[in-house]
Amino acid sequence: MKITDLKTFVVANPPPGFGGRYFIFVKLITDGGVHGYGEVYSVPFHPHVVARMIEDLGERYVIGSDPFKIERLWRIIYSSGFTQRPDTSILGILSGIEMACWDIIGKELGKPVYELLGGRVHEKLRSYTYLYPKEGDDSDVYMDPDLAAERAAEYVQMGFTAVKFDPVSYYSAFDPRQLSLQALERAERFVRRIREAVGGTCDLLFGTHGQMTPSSAIRLAKRLEPYDPLWLEEPVPPDNIEAMAVVARATSIPIATGERLATKYEFARVLASGAASILQMALGRVGGILEAKKIAGMAEAHYAQIAPHLYCGPIEGAANIQIATCSPNFLIQESIQTWGGFHAGILQTPIQWQDGYIIPPTAPGLGVELNEEVAAQHPYDGKLLHLEMTDHPIS
């Protein structure tokens, strides 16, 4: 079997746009007519430039290769241009290609990917959602603790047993920073109000984005500890794992990290330093499905758990589900609400969510199929990237 063709899809995510401004999908086709889909997550270039980057790697390394030989193809692409390091640009592209290869393998063998990576461990997957704004809101759910508490209670009524939020405010290119007293007080007020609204029925996931210095994160953690959040996410930026370990040693709140990390090499540093006990690899950036399985295995040996990150489209979401299903140390999976809206419309068959849990698919490969007609109807013509950081310091 050989890969004979590669296609890319740059798809605009229509309002409300939860999951990012656009999704980048890749499709591989074999000489036997079998196809597989993958998703590339948040490469820091315009998505049409990224599509050309995917095509470039595809022309040089993927076309003519055997999709079953994932380890060989992975090493060749990872080493392209004498890199051999966790560069998130090439790793994002490699992740999408690798994901599509697994989709092909599963379809060729008639098995879900999780059955090829150790077999099904979990019959259903606990999931959580971010607290998102809703049409008609009178205030900003990201800044208003009363509205955030109301929204959290609504999600609990839907069946969620965990919700995530970041009341620390905007993340800046000039972070990390020392939070002001006002910011600390607002963050504590958020957690207190949400805990009051949901009681003991729902875990609170404090999802910061690397805004703080270690000392500031410790000050915040001390305020949050009485409300027993399940985790404090990425309290400092991801480029100094040792600084994150300082925070981890100073608080009883579990530290979670990983959405901006790539490969087993970066996650090995996290585990060795004790910087986090919950790993949030994004499968569209980390290096793909097999790389994520290796990281999950390393985490298992350290008694750490995995909680795959998702802020993109449902193809990466489907890959996350495959890894979660076959990993003994799976904790919880991020959902974009209940996988409805455009996240359902872009697929031939939506991902199944029921009473707070994702039901793993039994279809072969990733278990989902991109609706290419819908994808073609939503081209991205904007100028902004998937995510943007504030371009000035925040006091």
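The values are calculated or read from the model by the stated rules, or taken from the named source; none is laboratory data. Just so it is clear, the model here is predicted, and its values are computed rather than measured. Note: ideal-geometry Cβ built from the backbone for every residue, glycine included; neighbour counts use all protein chains shown.
Where in region 233-328 are there helices (runs of 4 or more DSSP H), lying fully within it, with 2 or more residues that are touching a His at 6+ places or on another chain (Cβ under 7 Å)? Even if it seems obvious, please write down each step before you answer.
Values: elements: 241-250, 263-273, 289-301, 314-325.
The qualifying helices (runs of 4 or more DSSP H) are 314-325.
Of everything in region 205-227 that's touching a Lys or Arg at 6+ places or on another chain (Cβ under 8 Å) and surrounded by fewer than 21 Cβ atoms within 10 Å (Cβ to Cβ), which residue is farthest from Ser169 (Cα to Cα)? My answer is Tyr227. Of the numbered criteria (1) more than 30 Å from Gln182 (Cβ to Cβ); (2) touching a residue at least 12 places away in the same chain (Cβ under 8 Å); (3) among the acidic types (Asp, Glu), the one Asp56 fails is (2).
Looking only at residues in region 341-372 that are in a loop (DSSP other than H, G, I, E, B) and free of Cβ contacts under 8 Å to residues at least 60 places away in the same chain, the one that is surrounded by the most Cβ atoms within 10 Å (Cβ to Cβ) is Ile351. Residue-level check: of (1) surrounded by 14 or more Cβ atoms within 10 Å (Cβ to Cβ); (2) farther than 25 Å from Ala187 by Cβ; (3) not β-branched (Val, Ile, Thr), Glu150 misses just (2).
One line per residue, one yes/no per condition, for (1) of a type in the set (Gly, Ala, Ser); (2) in the same structural domain as Ala318 (by TED's automatic domain parsing); (3) surrounded by fewer than 23 Cβ atoms within 10 Å (Cβ to Cβ):
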{"site": "Pro86", "(1), (2), (3)": "no, no, yes"}
{"site": "Ile97", "(1), (2), (3)": "no, no, no"}
{"site": "Val121", "(1), (2), (3)": "no, yes, yes"}
{"site": "Glu135", "(1), (2), (3)": "no, yes, yes"}
{"site": "Pro145", "(1), (2), (3)": "no, yes, yes"}
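For region 140-183, the set of residues classified as modelled with pLDDT of 95 or more and among the small types (Gly, Ala, Ser) consists of Ala148, Ala149, Ala152, Ala153, Gly159, Ala162, Ser172, Ala173, Ser180, Ala183, listed by residue number. Taking the listed residues Val26, Val121, Val62, the one that is touching a Leu at 6+ places or on another chain (Cβ under 8 Å) and more than 22 Å from Leu384 (Cα to Cα) is Val62, with no other qualifying. Looking across region 13-33, just one residue is surrounded by fewer than 19 Cβ atoms within 10 Å (Cβ to Cβ) and of a type in the set (A, V, I, L, M), and that is Ile29. No other residue among Ser127, Ser139 is surrounded by fewer than 21 Cβ atoms within 10 Å (Cβ to Cβ) and among the hydroxyl-bearing types (Ser, Thr, Tyr) apart from Ser139. Is there any pair with a first residue in region 215-227 that is assigned by TED's automatic domain parsing to the domain that holds Val168 and a second that is of a type in the set (Val, Ile, Thr) and surrounded by fewer than 21 Cβ atoms within 10 Å (Cβ to Cβ) whose Cβ atoms are under 6 Å apart and which are 6 or more apart or on different chains, and what are they? Partner pairs satisfying both residue conditions: Ala221/Thr251. Cβ-Cβ distances below 8 Å connect the following pairs, each with a first residue in region 233-248 that is over 20 Å from Asp166 (Cα atoms) and among the charged types (D, E, K, R), a second residue that is at pLDDT 95 or above and surrounded by 20 or more Cβ atoms within 10 Å (Cβ to Cβ), and a separation of six or more residues or different chains: Glu242/Ala275.
Figure legend. Inter-residue proximity from region 77-94: first residues closer than 11 Å to Ala262 by Cα, second residues buried (at least 16 other Cβ atoms within 10 Å of the Cβ) and of a type in the set (S, T, N, Q), beta-carbon distance below 7 Å, spacing 6+ or different chains. Indicated pairs: Pro86/Thr263; Ile90/Ser80; Leu91/Thr263; Gly92/Ser42.
Within the set Ala324, Ala375, Ala282, the sole residue that is crowded, with 18+ Cβ neighbours inside 10 Å, among the small types (Gly, Ala, Ser), over 21 Å from Ile70 (Cα atoms) and modelled with pLDDT of 95 or more turns out to be Ala375. Scanning region 21-60 for residues that are over 16 Å from Ala262 (Cβ atoms) and of a type in the set (S, T, N, Q) yields a total of 1.
When Lys164 is tested against (1) touching a helix residue (DSSP H, G or I) at 6+ places or on another chain (Cβ under 8 Å); (2) surrounded by 18 or more Cβ atoms within 10 Å (Cβ to Cβ), just one condition goes unmet, and that condition is (1).
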